[in-house]
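Visitor: Following this message is one structure expressed as structure tokens.
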Amino acid sequence: MFKLVLSDPSIFKTSFDAISSIVDEVQIEVDSDGLRLNAIDRSHITYVHLELKESLFDIYECDKPIKLNLDTEELMKVLKRSKNDDVMELTVDVGNLILTFEGAVKKTFKVKLIDLEYDTPSQPDIPYDIKIPIPVSILKEAIQDIEIVSDRVSFEVDEDKLTLEAVGDFADAKIEYLHGEKINEKARAVYAISNIKEMLKAEKFSDNTYLSIGTDMPLTLYLELLNEEGLLSFLLAPRLEEED
Amino acid sequence: MFKLVLSDPSIFKTSFDAISSIVDEVQIEVDSDGLRLNAIDRSHITYVHLELKESLFDIYECDKPIKLNLDTEELMKVLKRSKNDDVMELTVDVGNLILTFEGAVKKTFKVKLIDLEYDTPSQPDIPYDIKIPIPVSILKEAIQDIEIVSDRVSFEVDEDKLTLEAVGDFADAKIEYLHGEKINEKARAVYAISNIKEMLKAEKFSDNTYLSIGTDMPLTLYLELLNEEGLLSFLLAPRLEEED
Amino acid sequence: MFKLVLSDPSIFKTSFDAISSIVDEVQIEVDSDGLRLNAIDRSHITYVHLELKESLFDIYECDKPIKLNLDTEELMKVLKRSKNDDVMELTVDVGNLILTFEGAVKKTFKVKLIDLEYDTPSQPDIPYDIKIPIPVSILKEAIQDIEIVSDRVSFEVDEDKLTLEAVGDFADAKIEYLHGEKINEKARAVYAISNIKEMLKAEKFSDNTYLSIGTDMPLTLYLELLNEEGLLSFLLAPRLEEED
């Protein structure tokens, strides 16, 4: 028996908008506790983790663990057709994930499950001291600011500020955000803007977002649902400044 | 004497948005009763019929029948420049249809009449038992849903539902609409999505819309103005499922 | 000491949206009275003049005259990143114009000053008797109307009306605007639509706009801020109707 019902398809839509721009294929693991996905892109630059607890769902029936291997682009095409006030139901038959969106009409999509040798990447465990709550909208706009001068951006944290900065051929850009946190150390690392923009597509997952960085360490972006019922996180490898 | 005044140019704008995507050239026949247009596309797949009764117009002066041969694309370019709260006036001079839109400013467009050997296609008379009222917006969205998996769609009607369905390479899609009509038979036919999308451009013509189908028969979409003052209808030939 | 602070960056944004589409490089002259820019495009078709008085600014410190040579496209990229409710600050360091936009975050952009042999074009002094106040939105829409039939437009003024008109291959277009001014003479000239569209990008500079024309003379468009604190004007050379 496998049946999950969720009254807000936007959690899936926004997650897979980001995920499908990072990885082509994924394995979703579902068991009695909830749903999990771990993936890493081909170049091993971005690691993505999604988990949704069973308590988040209106109906959650999963009597034995199941692995769903999916083409993320095909899944995203279907998720885009949902409306935020539709009720979404997930079931399976032989070889398909069945997504039903019920609103003014009933829409049923069967997405073919794919064959996939999938080694779930192990989640890197990086101890961070710096954790800064920041609205994704602020981050998104800052990246658009930086983008006019460069395709790289440095993130720098000190006691007071998070500073995003880049030096370009014709202009330089610097965005300063007062974080209001009690932070006693500094950190600085450089990332590729194109990778950051992929993550930020998950913007609507949650308003409860924060990021962590360490000097020349990965950038981690966390988007957390209320009551710990869901988490979407991204871990993005830094670029060495000498690279080109 | 030829002068027609209408306080809502959107009826023309939305009609010709659909018509100009189906046929390049048309003949509009005007007499003391009203205005009529019958046309069929080059491939003889879509037949379109428009009629607007004289009572719909604020001023209607047409003392002898007249035939206006027009390039639909040129006419549409002009109609697009109207605003919904403009007053539209149609007159003629030698060789031109003159369209005036009067709002904050007065806009006058002269569109050249064209030479055209025009055999008005006779309207196919197809007896249908199945007539289903359905908002064009529902139909439009269902077609967008189906489009992600295929370029063809089957329409199927039974006692309870209108079902649009398609099978694709990576996913299948099915949209079910409870029609709420008293229908005692079934029907099923397949159509090309691109042709359906052309018709649906006429969306704003009326909220009073319904469709008819028969097994392997044309799909008919009717858009009717209040008080029978106007009708826009499309008749779309079915595709054989064996075709490719 | 050079520091200008303005609480409405949109004046700069809309000005340079137009200016950057007309000229690639400009010299902005700043002294204790205010800021001035005069420029002419490579083909000597459009002359643009911008002046902003010191009283317009919230803070205005400029103890010695300064000339800022800038690439208009690079400057425009930066100005686009401002929000209308940001506070904009302009300062300089060696070789850079520094623009700061302060709102929810603080954005600092350094735009490189360029080397430029700049002969400030002298402003043509054309005595006009005809001055017609007209909202830029009306002008913009009329140009879009005309554009569907031609790439040239004639402006004609008489006692009652400003008439924009063009004759096309498939259709003609005429837009009549009742100017409500006391004008005792007539004038007529033809302009290229592409050049007019460049000027109209400055739409949001001011609601206080008027135009002047003379027979076969340049078209002048004036956009004036309240209390004579700023002026943006464009002078556009006419096209001879025989040209092609």
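The values are calculated or read from the model by the stated rules, or taken from the named source; none is laboratory data. This is a predicted model, so every value here is computed, not measured. Reconstructed Cβ throughout: ideal geometry from the backbone, glycine too, with neighbour counts over all protein chains shown. Ligands, DNA and RNA are excluded from the accessible area calculation, which covers all protein heavy atoms including side chains. Shrake-Rupley method; radii C 1.70, N 1.55, O 1.52, S 1.80 Å.
Visitor: Between the range C:141-185 and the range B:72-104, what's the alpha-carbon centroid distance in Å?
Guide: Answer, in whole Å: 15.
Visitor: For a test of the definition: using alpha carbon positions, the gyration tensor, and the 1.5 limit on a/c, classify the range C:126-244 as rounded, prolate or oblate. Before the final figure, lay out the partial values.
Guide: Values: a/c = 1.63, a/b = 1.39, b/c = 1.17.
Note, shape of the range C:126-244 comes out prolate.
Visitor: Moving on. Between B and C, buried accessible area summed over both sides at probe 1.4 Å, in Å² to the nearest 100?
Guide: On the way: alone 12880 and 12850 Å², together 24330 Å².
Summing both chains' loss of accessible area gives about 1400 Å².
Visitor: Short version: ³J(HN,Hα) in whole Hz for each residue of the range B:103-116, in order, from phi by Karplus 6.51 cos²θ - 1.76 cosθ + 1.60 (θ = phi - 60°), x for Gly and Pro, what are they?
Guide: Karplus values, whole Hz, x for Gly and Pro: x, 4, 10, 9, 10, 10, 10, 9, 10, 4, 6, 10, 7, 7.
Visitor: I need the calculated FRET efficiency for the pair C:Asp24 and C:Met1, taking r as the beta carbon distance and R₀ as 30 Å, to the nearest 0.05.
Guide: Efficiency computed from Cβ-Cβ geometry: 0.50.
Visitor: What does the charge add up to near B:Leu178, with Lys and Arg as +1, Asp and Glu as -1, over the other residues with Cβ less than 15 Å from its Cβ?
Guide: -2
Visitor: Something else about it: For A:Lys83, which inter-copy label distances result when the label point lies 7 Å beyond Cα on the Cα-to-Cβ vector, reported in nm to one decimal and in ascending order?
Guide: Here the equivalent label points are 3.0, 3.0 nm apart from this one.
Visitor: Show me the three semi-axes of the equivalent ellipsoid for chain B, from the C-alpha gyration tensor (sqrt of 5 times each eigenvalue), largest first, rounded to whole Å.
Guide: Working: eigenvalues 243, 64, 59 Å².
The answer is 35, 18, 17 Å, longest axis first.
Visitor: May I ask for the net charge around A:Thr163, where only other residues with Cβ less than 15 Å from the Cβ of A:Thr163 are counted and Lys, Arg are +1 while Asp, Glu are -1?
Guide: Summing Lys and Arg as +1 and Asp and Glu as -1 gives -4.
Visitor: Between copies, how far does the label point of C:Asp63 sit from its twins, in nm, shortest first, when each point is 7 Å from Cα along Cα→Cβ?
Guide: The answer, with the shortest distance listed first, is 8.6, 8.6 nm.
Visitor: At R0 = 51 Å, how high is the FRET efficiency between B:Asp63 and B:Leu178 if r is their beta carbon distance? Nearest 0.05 is fine.
Guide: With a Förster radius of 51 Å, E is 0.50.
Visitor: Can you classify the protein assembly as shown as rounded, prolate or oblate using the Cα gyration tensor, where a ≥ b ≥ c are the square roots of its eigenvalues, rounded means a/c under 1.5, and otherwise it's prolate if a/b beats b/c and oblate if not?
Guide: Values: a/c = 2.68, a/b = 1.00, b/c = 2.68.
The shape class here is oblate.
Visitor: Just name one of C:Leu79, C:Thr100, C:Asn184: the one whose Cα is farthest towards the positive end of the charge dipole of chain C (beta-carbon charges, Lys/Arg +1, Asp/Glu -1).
Guide: The residue sitting most towards the positive pole is C:Thr100.
Visitor: Follow-up. Taking the simple approach of a point 7 Å from Cα along Cα-to-Cβ for both C:Glu117 and A:Glu185, what is their distance in nm?
Guide: The modelled label-to-label distance comes out at 5.8 nm.
Visitor: Compute the distance in nm between two label points, each set 7 Å from the Cα along the Cα-to-Cβ direction, one at B:Ser43 and one at C:Glu159.
Guide: Calculated label separation equals 6.0 nm.
Visitor: May I pose another question? Taking the Cβ-Cβ separation of A:Phe170 and B:Asp31 as r and a Förster radius of 60 Å, what is the calculated FRET efficiency to the nearest 0.05? Please report the intermediate quantities before stating the final value.
Guide: Working: r = 67 Å, r/R0 = 1.11.
For R0 = 60 Å, the calculated efficiency reads 0.35.
Visitor: Further question on the same structure: For label points placed 7 Å from Cα toward Cβ, what is the shortest-first list of nm distances from A:Asp216 to its copies?
Guide: 7.4, 7.4
Visitor: Would you compute, from DSSP H runs of 4+ residues alone, the mean residue ellipticity of the protein assembly as shown at 222 nm, taking -39500 (n - 2.57) per run and dividing by the full residue count, rounded to the nearest 500?
Guide: Estimated from H runs of four or more residues: -5000 deg cm²/dmol.
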